[in-house]
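Scroll down for the structure; my scribbles are underneath it.
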Amino acid sequence: MYMNNREFYQPNLPSFPLCESKEICITQLSPETSIQTWPCGFKTGNDIITHTFHEEVYILEGAITDLSLGQTFGKGYHAWRNPGMKHGPYQADQNFGCQMLVIVRNPNRLSDSR
């Protein structure tokens with residue numbers, strides 16, 4: 001993966017909370033890094049989620065509820081998910097939604113860097 005150098009800049013993020021929308025807004029910062037803004041009450045569906053890649057999530061604002069666990073996670077919470085880890089489904093906070101920094105990594109790339 002190659003990306004041109006980029007000094008500090010302000011990405012064009014949607015206003016938060018994003019309650020006027022019904023869809024997730026994804027602001028791609030690099031090929032592996034994005035900020036996801038979930039609208040108020042957004043639900044990922046009813047299915048358990050798995051990935052073939054590593055996923056790291058840090059909640060910047062708002063909160064999400066893991067509907068399988070019955071637990072809510074808010075600002076400052078961090079998750080690291082290895083490939084195949086079962087998680088979700090999720091629902092964003094009804095009043096504020098959720099804004100998260102999401103980093104995905106190809107598992108082969110992690111093992112090659114050791």
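A few comments on the model shown:
- Residues located in the range 20-46, provided they are of a type in the set (A, V, I, L, M, F, W, C) and over 12 Å from residue 99 (Cα atoms): 29
- Scanning the range 43-60 finds no residues that are small (Gly, Ala, Ser) and at pLDDT 95 or above.
- Within the range 48-99, the set of residues being under 20 Å from residue 17 (Cβ atoms) and of a type in the set (S, T, N, Q) comprises 65, 72, 91, 94, 95, 99.
- Verdict on residue 30 being surrounded by fewer than 16 Cβ atoms within 10 Å (Cβ to Cβ) and more than 30 Å from residue 82 (Cβ to Cβ): no
- Scanning the range 34-52 for residues that are open to solvent by 60 Å² or more (accessible area, probe 1.4 Å) and not in a strand (DSSP E or B) yields 46, 47, 48, 50, 52.
- Taken as a whole, the structure leaves residue 60 outside the set of residues that are closer than 18 Å to residue 24 by Cβ, open to solvent by 50 Å² or more (accessible area, probe 1.4 Å) and touching a Gly at 6+ places or on another chain (Cβ under 8 Å).
- Subset of the range 2-21 (residues that are surrounded by fewer than 10 Cβ atoms within 10 Å (Cβ to Cβ), modelled with pLDDT under 80 and either of a type in the set (Phe, Trp, Tyr) or outside any loop (DSSP other than H, G, I, E, B) (or both)): 2
- The set of residues in the range 54-87 being in contact with a helix residue (DSSP H, G or I) (Cβ under 8 Å, 6 or more places away or on another chain) and part of a strand (DSSP E or B) consists of 54 alone.
The values are calculated or read from the model by the stated rules, or taken from the named source; none is laboratory data. All values derive from a computational prediction rather than experimental measurement. Reconstructed Cβ throughout: ideal geometry from the backbone, glycine too, with neighbour counts over all protein chains shown. Surface accessibility is based on the protein's heavy atoms, side chains included, excluding ligands, DNA and RNA. Shrake-Rupley method; radii C 1.70, N 1.55, O 1.52, S 1.80 Å.
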